[in-house]
1. Find the centroid of the Cα atoms in the stretch 187-222 and in the stretch 126-155, then give the distance between the two in whole Å.
2. With θ taken as phi - 60° and the coefficients 6.51, -1.76 and 1.60, list the Karplus ³J(HN,Hα) couplings across the stretch 202-208 in order, rounded to whole Hz; mark glycine and proline as x.
3. Considering amide H positions built from the backbone, and no H for Pro or chain starts, which residues 5 or more places from Thr169, or on another chain, come under 5 Å of its amide H?
4. For the stretch 101-276, what does the alpha-carbon gyration tensor say about shape, rounded, prolate or oblate, given a ≥ b ≥ c as the root eigenvalues, a/c under 1.5 as rounded, and a/b over b/c as prolate?
5. Return the distance in nm (one decimal) between the two label points of a simple spin-label model at Val70 and Leu279, each offset 7 Å from Cα along Cα→Cβ.
6. Could you work out what % of the accessible surface of the stretch 138-284 is carbon and sulfur, using a 1.4 angstrom probe and leaving DNA, RNA and ligands out of the count?
7. Take the residue pairs Lys107/Lys211; Lys179/Lys367; Lys76/Lys179; Lys320/Lys359; Lys140/Lys365 and return only those whose Cα atoms are more than 23 Å apart.
8. Tell me, what is the FRET efficiency for Lys107 and Thr313 to the nearest 0.05, using R0 = 56 angstrom and their Cβ-Cβ distance as r?
Amino acid sequence: PTVTSPCKILKCNSEFWAATSGSHHLGAEEAPEFCTALRAYAHCTRRTARTCRGDLAYHSAVHGIDDLMVQHNCSKDGPTSQPRLRTLPPGDSQERSDSPEICHYEKSFHKHSAAPNYTHCGLFGDPHLRTFTDTFQTCKVQGAWPLIDNNYLNVQVTNTPVLPGSSATATSKLTIIFKSFQECVDQKVYQAEMDELPAAFVDGSKNGGDKHGANSLKITEKVSGQHIEIQAKYIGTTIVVRQVGRYLTFAVRMPEEVVNAVEDRDSQGLYLCLRGCPLNQQIDFQTIRSAQATEGRARRKGPSLPAPPEAFTYETATAKCREKLPVEDLYFQSCVFDLLTTGDVNFMLAAYYAFEDVKVLHSNKDKLHLYERTRDLTRGNTAPTGTHPTLWVALLCLCWLCLL
């Protein structure tokens, strides 16, 4: 069985958001209903407290409830049913069109300089990492690992085994912390896990809070339960989170200036999107793939699931991946690798959507595809951007002719 978290804070958050959707600023006549929903929210968090002690989203929700209780003068004693509150008419919400200029990155950070240089990082599949420097790696990184850690936000992922006893892992949980920033946004925490992809922050809100520039941070649900997008305009950042099958994918577009905004870069801890996976966590993608192709059969890394997925040979995996990824770049090779190691066709879709996100988020359209280098790699599994395997073949042939 797949490992899942017993902490049900996301369910509490979703129930509260459903009960209070569109009702952050209530008139006096709405306060009793809002307080009722808050008490139900508090009751839900207490029920799951024992299993959520180390969960950041849980502690954020508890503090958020206390603050809202004070703001709305709610009593902790009273009914806890969850009535559906009225939805405010369009325009009568937290959204503000007159946000301060400092809450728009391109207007504030670069008034007198060139347009910012945007970079991209993505994590998907078993898992595969594309860093801000377009390095591509396949990693193990089981457990909790930081993807991003700078002055403005932190992103942490948790990867769990796809199959019992397997070294194949995939992302089962994601936590994003947006730090409080001037008059733009309050601190906000977003958390997703398997089978729970909320369209709101853990406190039930969909934007940056009560500050004047709150709408410079906003969550949009693209496909219910499958695809959300977070726009953080005050730092020029776009984040895309998807659930594909049971696992999560992550993609971000961020200015270099924000990527490198750290107090002391030399003493900064591991940060996967910037520094890549540690060498002892990297998988020799090319060697394993070559062995898979030679054997011509699926190499399963663990026992079958209760409902066994389709078993792939190298040929059938290649054909399946070509349906969605016609260019045989590293996204295609990742797809083949994942089908052979997991047997789960959803990993093909994860690779496909990861590349679709690259097409939208990467600022340099000439760097969308990445290809492998020859086998004498000194670090990881990456290729120099834009280097195609056929070029390496041509160079080798030229060298052979020179020797003759």
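1. Centre-to-centre distance over Cα atoms comes out at 21 Å.
2. 5, 8, x, 7, 10, 9, x
3. Val162
4. Note, shape of the stretch 101-276 comes out oblate.
5. Computed distance between label sites Val70 and Leu279 equals 5.1 nm.
6. 43 percent
7. Pairs exceeding the cut-off: Lys179/Lys367; Lys76/Lys179; Lys140/Lys365.
8. E(calc), rounded to 0.05, equals 0.55.
The values are calculated or read from the model by the stated rules, or taken from the named source; none is laboratory data. None of these values were measured; they are calculated from a predicted model. When we count neighbours, we look across all protein chains shown, and the Cβ atoms used for this are built from the backbone with ideal geometry, even at glycine. Areas reflect the complete protein model, heavy atoms only, side chains present, ligands, DNA and RNA absent. Shrake-Rupley method; radii C 1.70, N 1.55, O 1.52, S 1.80 Å.
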